[in-house]
Amino acid sequence: MSESLGNKATVGAVWATIDRFGSMTLQFIVNLIMARLLVPADFGAIGMLAIFIAVSQTLIDGGFSSALIQKKEPSQTDYSTIFFWNIFFSACLYLILFISAPLIAGFFNMPVLSSVLRVIGLNLILTAVIAIQTTRLRKSLAFRSIAITNISAYILGGACAVTYAYNGGGIWSLVMMQILYGLFSILILWIITRWHPSAVFSRQTMKELFGFGGYIMAANLLQTICQNIQGVIIGHRFSATQTGYYSQAYKLDQITSYSIPQVIVQVMYPVYSSIQDERKRLCDMLLMNIRVISYIIFPMLALLILVAHDLIEFLYGEQWLPSVPYFRILCVGGIFVCLQNINFYAVAAVGKSKSLFMWSFYKWGFLLLAVIIGGQFGMGGIMWGMVLSSANIYVVNAAIVQRYIHLDIKKQIQTILPTGLITILSFICSFVIKDLVSTNDFLIPAMCFFCLYILLSSRLKASTETYQLIRRLNYKK
């Protein structure tokens, strides 16, 4: 990787980190306030509709964003063509959602979902409007503009939604937050980028980009459906309140197991694409990313499991305590979730999207089967089915990396094993201390865990690489 590209990647990582952590902090604060103003059933109702919005947004992108990033020199015609396609297709999908809304509400036996889906579905069109501007920025590693847009839009949208919830807005305050976020994103991003599409539409562009992006879309579509299918099963079989408990636990787990690793994935995908022909360098970079992710995320997940009960009661209040068991199980699955996408996009970067698509049938079929079988044993069964599926997805993605990038899966496991063992040892020691102290103050076991982990891991290569990365990020600021 050239020095120029390395510097751009580092600066991009700084702003991607600011974006992810800034947005994550704002979402956490807004969600924290909303959890005390609304009831679990309000969150559960939105959670039931998540799959329909997520699937539609995946279809809108169509894998074209990944294809444009993977393409070395996309033209204005390429960008304009996909822009107009996104607008047209999003309008068609919204029409389908609008017509089917009463049927979906009837499936969950919640009439209010019909109106909610028809309003929240407008976000599909809003997302389509800015998809190309965001892709252009990601392509050039201009994560500063993306960070400014996301953080500003969420501050404005979140403030309005919290105010509405405080005045009795109920479930509609959650709808308002998503719609206003989309509107403010459009306004801010169009001002920042100043990019406008040309009046052109190329069938050749559609054909060329769909050749790569179509497989990415299909793979992402299967992933989206299966990642959200548990919400449909829970919403149909259990109450909206139970769905709310799951939804809150899932969102809290995603902060650690998905959102933080996604900072690295988001920055590294364009970098992987730029060195796709240098397999040795790509393998070295991938292993370094795996070490850093596991060094940061593994202890965070273990710590959250350790203090889950006291932490959730402190943050959200006693009414949310039934979500604690779900949260702990999801954190176990997070060990595998945090490493899934770094492998996935390394394969995508070398142009093997068809293989990713073909393997998706197995990966997400396994998840569907695990969730359905787990559902026979109640909510806990569904959660453990998700954990088993997450482990399976990681192994499959790592195996695909082994085939196309020639990075042995055993090498990956050996890379994360020291961090994993130290995390487990620190957890056991801290658990014993927590049990002996018998206190509701979660800070004591948390500090014990942190000190033990830092002490035991100080000589690991992952520790050195993580500290070096942090210093580089601070220097670039």
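The values are calculated or read from the model by the stated rules, or taken from the named source; none is laboratory data. These numbers were taken from a predicted model, which means no experiment stands behind them. Note that we place each Cβ from the backbone using ideal geometry, even for glycine, and neighbour counts take in every protein chain shown. We work out accessible area using only protein heavy atoms, side chains counted, and drop any ligands, DNA or RNA first. Shrake-Rupley method; radii C 1.70, N 1.55, O 1.52, S 1.80 Å.
Could you pull out the pairs from LYS207/LYS280; LYS139/LYS352; LYS139/LYS280; LYS207/LYS410; LYS71/LYS251; LYS139/LYS410 whose alpha carbons sit more than 30 Å apart here?
LYS207/LYS280; LYS207/LYS410; LYS71/LYS251; LYS139/LYS410
How would you classify region 379-435 from its alpha-carbon gyration tensor, with a ≥ b ≥ c the square roots of the eigenvalues: rounded for a/c under 1.5, else prolate if a/b is greater than b/c, otherwise oblate?
It comes out oblate by the Cα gyration axes.
Given axes a ≥ b ≥ c from the Cα gyration tensor, I'd like to know whether region 339-457 is rounded (a/c under 1.5), prolate (a/b larger than b/c) or oblate.
Oblate.
What are the membrane-span-like helices in the chain by this rule: whole DSSP H runs, Cα extent along the axis at least 27 Å, mean Kyte-Doolittle hydropathy at least 1.0?
Sorted by number, the helices that extend far enough and score high enough are 40-61, 76-108, 143-166, 171-193, 279-316, 353-375, 409-437.
Per residue, how much accessible area does the chain show when a 1.4 Å probe rolls over the protein heavy atoms, in square angstrom?
43
For labels at CYS92 and LYS280 in the simple 7 Å Cα→Cβ model, what's the distance in nm?
Rounded to a tenth, the inter-label distance reads 4.8 nm.
Where the accessible area of region 319-440 is counted over protein heavy atoms with a 1.4 Å probe, how much of it, in %, is carbon and sulfur?
Roughly 70 percent of what the probe reaches on region 319-440 is carbon or sulfur.
Let a ≥ b ≥ c be the square roots of the eigenvalues of the Cα gyration tensor of region 277-399; is it rounded (a/c under 1.5), or, if not, prolate (a/b larger than b/c) or oblate?
It is oblate, given that a/c is not under 1.5 and a/b is not larger than b/c.
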